[in-house]
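S.K.: So that we are looking at the same thing, I have put the structure below in structure tokens.
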Amino acid sequence: MEQQKQDETGVKEECQLCRITYSIYSNFPPMPSAMALNAETGEWFPFDTLKSYSNGYDMAEALGYSWACDCRERAAKRFNEQFELRDSTGKRQARVRYRIRVGSRVLAKGITDAQGRTQRVSTGNAKQVFIDVAGS
Ligand SMILES: [Zn+2]
């Protein structure tokens, strides 16, 4: 049995888009009569609404460009992951028996495909996902 560990620290990091968006709009003075445009829906909304959000992503979403965000997208993928198994020399481990688990809870097991990929699993907000591979 060989064991591989996924370390999942740094989840909370924001992308540049979110950071810059937040630094711009959180510093605006109150402008009760100003309106802002959602570029995606074409709808106008009170500009001051932006200042009520606590993070840049919500602001970007209100403005209609949250699709350009990097950090939330990454976070979403993290919860539905597919693993690519390689041995210590970097060679893909195709057609090997594997088991994906969090602690003692087995999330999935099966045999990797020709590219050494596992099936997609929802890892929840698990800090560490373990993958056991049957030794060849
Ligand atoms: Zn972001």
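The values are calculated or read from the model by the stated rules, or taken from the named source; none is laboratory data. If you're wondering where the values come from, they're calculated on a predicted model, not measured in any experiment. No Cβ is skipped: glycine too gets one built from the backbone with ideal geometry, and neighbour counts run over all protein chains shown.
S.K.: If I ask for residues that are at pLDDT 95 or above and touching a helix residue (DSSP H, G or I) at 6+ places or on another chain (Cβ under 8 Å), which ones from segment 39-48 would you list?
M.R.: Once the filter is applied, which keeps residues that are at pLDDT 95 or above and touching a helix residue (DSSP H, G or I) at 6+ places or on another chain (Cβ under 8 Å), segment 39-48 yields only PHE45.
S.K.: On the given criteria, is ALA114 at pLDDT below 90 and either within 16 Å of the ligand (Cβ to nearest atom) or out of contact with any Pro (no Cβ under 6 Å at 6 or more places or on another chain) (or both)?
M.R.: Taking the combined requirement at face value, the residue does not satisfy it.
S.K.: Related question: Select from segment 62-71 the residues that are under 17 Å from ALA36 (Cβ atoms) and crowded, with 19+ Cβ neighbours inside 10 Å and list them in ascending order.
M.R.: ALA62, SER66
S.K.: Kindly indicate whether PHE28 is surrounded by 12 or more Cβ atoms within 10 Å (Cβ to Cβ), modelled with pLDDT of 95 or more and more than 16 Å from the ligand (Cβ to nearest atom).
M.R.: Against the criterion (surrounded by 12 or more Cβ atoms within 10 Å (Cβ to Cβ), modelled with pLDDT of 95 or more and more than 16 Å from the ligand (Cβ to nearest atom)), PHE28 does not qualify.
S.K.: Something else: With the condition kept exactly as written, say whether any residue in segment 52-75 is in contact (Cβ under 8 Å) with a residue 24 or more places away in the chain, more than 16 Å from the ligand (Cβ to nearest atom) and of a type outside the set (Ser, Thr, Tyr).
M.R.: Among the residues of segment 52-75, not one is in contact (Cβ under 8 Å) with a residue 24 or more places away in the chain, more than 16 Å from the ligand (Cβ to nearest atom) and of a type outside the set (Ser, Thr, Tyr), which makes the answer no.
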